[in-house]
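Here's the structure, in structure tokens; my notes come after.
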Amino acid sequence: MPAAPLPPLPTSIVGSLPQPDWLIDRDRLAHRFPPRVRAAELWRIPPELLAGAQDDATLLAIRSQEEAGLDVVTDGEIRRESYSNHFATALSGVDVDHPGSILNRSGKPIPVPRVVGDIGRPAPVQADDVRFLRAHTDRTVKMTVPGPFTMAQQAQDEHYRDGRALALAYADVVRAEIADLFAAGADVVQIDEPWLQARPEVARQYGAEAVTRAVEGAPGPVHLHLCFGYAAMVSERPEGYSFLPELADTPVDTVAVETAQSHLDPATLRPLRGKGIALGVLDLSTPEVETPEVVADRVRRALDDVDVDRLVLTSDCGLKYLPRESAAGKMRSLALAAQLVRAEL
């Protein structure tokens with residue numbers, strides 16, 4: 001089905017939606033950091049029935065976005081235990097059965113893929129996911145993939161022994177995946193790069209280079225999501241991004257930032273004039289559903305600092321850890337807020 005034309009101020013979520021309790025152990029999921037290696041123990045469905053159950057839950061995620069009135073829909077990342085491990089553990093050159101360990105952005109040791117050979121991508125990882133999404137909606141569709149810098153920071157490198165070389169190797173497989181996602185029917189591809197913010201000193205050395213290598217030559221618009229971490233895991237927010245102007249010279253089409261929970265000063269976004277901005281205006285630190293008027297006010301305060309004709313309205317981060325009814329309510333408020341602001345413009 002072809003995608004319908006987008007209105008001004010199109011609405012979308014960053015990527016993830018809450019998975020149903022019948023599919024995944026949500027309590028267990030919520031009481032651990034997002035897994036970087038496989039976490040098959042989280043699924044409630046036996047392996048031989050899991051793919052079909054994930055399809056059913058993905059259809060629910062698609063319909064929930066349509067019913068809320070969103071203009072751009074994702075697959076809700078329903079098939080993933082975390083935003084990054086689904087892709088990162090499908091690559092060659094990593095040993096996920098004998099993981100390594102790093103300190104996560106909260107300073108806690110977590111198991112991660114151990115890089116023991118050249119990073120490769122034996123086959124497209126998410127192309128079938130895009131085909132499923134494209135077949136079940138007539139709206140604009142977006143697929144997300146972890147970014148190269150973030151994956152390099154979430155691995156224990158025993159092969160390249162050079163952070164830049166590892167990030168560029170990940171960039172090559174992300175670039176190939178992006179091409180396959182567009183070929184499979186994606187209208188937008190988003191790379192998730194929260195560790196550009198978490199490790200700004202390292203990011204300034206080669207983060208923009210890795211992003212550029214991954215995105216250059218993409219056959220469609222690529223967004224880059226930059227955040228302060230899941231609100232369910234990282235409660236404290238800094239006053240601003242420590243890595244943002246550096247993205248101005250990269251070939252990403254749109255930069256997705258969070259502003260609701262962090263109360264980010266919109267003036268911070270001025271160095272990105274000329275790029276699209278996906279403005280996070282849903283606070284995910286609370287299940288309370290904001291009114292459309294509250295969300296609209298968060299949009300209005302940024303209008304003088306962004307290119308309005310390239311502005312997308314979105315959530316601060318993934319909605320994965322919210323109660324399902326809260327996620328649905330927040331998406332409806334987002335869609336209604338967009339209508340309010342469109343009428344004023």
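The values are calculated or read from the model by the stated rules, or taken from the named source; none is laboratory data. The structure displayed is predicted, hence computed values, not measured ones. Here the Cβ is made from the backbone with ideal geometry for all residues, glycine too, and neighbour counts use every protein chain on show. We work out accessible area using only protein heavy atoms, side chains counted, and drop any ligands, DNA or RNA first. Shrake-Rupley method; radii C 1.70, N 1.55, O 1.52, S 1.80 Å.
Hey, could you check the stretch 111-125 for residues that are part of a strand (DSSP E or B), crowded, with 18+ Cβ neighbours inside 10 Å and hydrophobic (A, V, I, L, M, F, W, C) and say which is modelled with the lowest pLDDT?
That would be Val112.
Of the residues Leu345, Leu282, Leu336, Leu340, which single one is under 20 Å from Lys142 (Cα atoms) and either under 19 Å from the mean Cα position of the chain (by Cα) or touching a residue at least 40 places away in the same chain (Cβ under 8 Å) (or both)?
The match here is Leu282.
So which of Leu70, Leu29, Leu9 ends up being in contact with a Leu (Cβ under 6 Å, 6 or more places away or on another chain) and either of a type in the set (Phe, Trp, Tyr) or not in a helix (DSSP H, G or I) (or both)?
Answer to the check: Leu9.
Mind listing whichever residues of the stretch 161-171 are closer than 16 Å to Gly207 by Cβ and either in contact (Cβ under 8 Å) with a residue 40 or more places away in the chain or not in a helix (DSSP H, G or I) (or both)?
Residues satisfying the conditions are Asp162, Gly163, Arg164, Leu166, Ala167, Leu168, Ala169, Tyr170, Ala171.
Within the stretch 287-342, count every residue that is more than 26 Å from Pro35 (Cα to Cα), open to solvent by 30 Å² or more (accessible area, probe 1.4 Å) and of a type outside the set (Val, Ile, Thr).
Going through the stretch 287-342 one residue at a time, the tally reaches 16.
Identify all residues within the stretch 74-87 that are open to solvent by less than 10 Å² (accessible area, probe 1.4 Å) and in contact with a strand residue (DSSP E or B) (Cβ under 6 Å, 6 or more places away or on another chain); write none if there are none.
Thr74, Ser84, Phe87
Ile102: part of a strand (DSSP E or B) and either out of contact with any His (no Cβ under 9 Å at 6 or more places or on another chain) or closer than 24 Å to Arg131 by Cβ (or both), yes or no?
yes
Okay, residues lined up against (1) in a strand (DSSP E or B); (2) aliphatic (A, V, I, L, M); (3) more than 21 Å from the chain's Cα centre (by Cα); (4) modelled with pLDDT under 95:
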{"residue": "Val37", "(1), (2), (3), (4)": "no, yes, no, yes"}
{"residue": "Glu48", "(1), (2), (3), (4)": "no, no, yes, no"}
{"residue": "Asp75", "(1), (2), (3), (4)": "no, no, no, no"}
{"residue": "Phe87", "(1), (2), (3), (4)": "no, no, no, no"}
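Just for the stretch 12-26: of the residues that are open to solvent by less than 50 Å² (accessible area, probe 1.4 Å), in a loop (DSSP other than H, G, I, E, B) and not hydrophobic (A, V, I, L, M, F, W, C), which one is farthest from Lys320 (Cα to Cα)?
Top of the filtered list is Ser12.
For Gln205, are the conditions met, namely being in contact with a Gly (Cβ under 8 Å, 6 or more places away or on another chain) and either of a type in the set (A, V, I, L, M, F, W, C) or under 22 Å from Arg80 (Cβ atoms) (or both)?
Judged against the criteria, Gln205 is not a match.
Looking for something of a type in the set (Lys, Arg), in contact (Cβ under 8 Å) with a residue 12 or more places away in the chain, assigned to a loop (DSSP other than H, G, I, E, B) and open to solvent by 10 Å² or more (accessible area, probe 1.4 Å) - is there at least one such residue anywhere in the stretch 129-141?
yes
When you scan the stretch 88-101, do you find a residue that is under 26 Å from Trp22 (Cβ atoms) and either of a type in the set (Val, Ile, Thr) or without any contact (Cβ under 8 Å) to a residue 40 or more places away in the chain (or both), even just one?
yes
Quick check on Ala51: is it of a type in the set (A, V, I, L, M, F, W, C), over 20 Å from Pro323 (Cβ atoms), touching a strand residue (DSSP E or B) at 6+ places or on another chain (Cβ under 7 Å) and open to solvent by 20 Å² or more (accessible area, probe 1.4 Å)?
no
Could you please find all residues in the stretch 181-211 being small (Gly, Ala, Ser) and touching a residue at least 60 places away in the same chain (Cβ under 8 Å)?
Across the stretch 181-211, the qualifying residues are Ala184, Ala198, Ala210.
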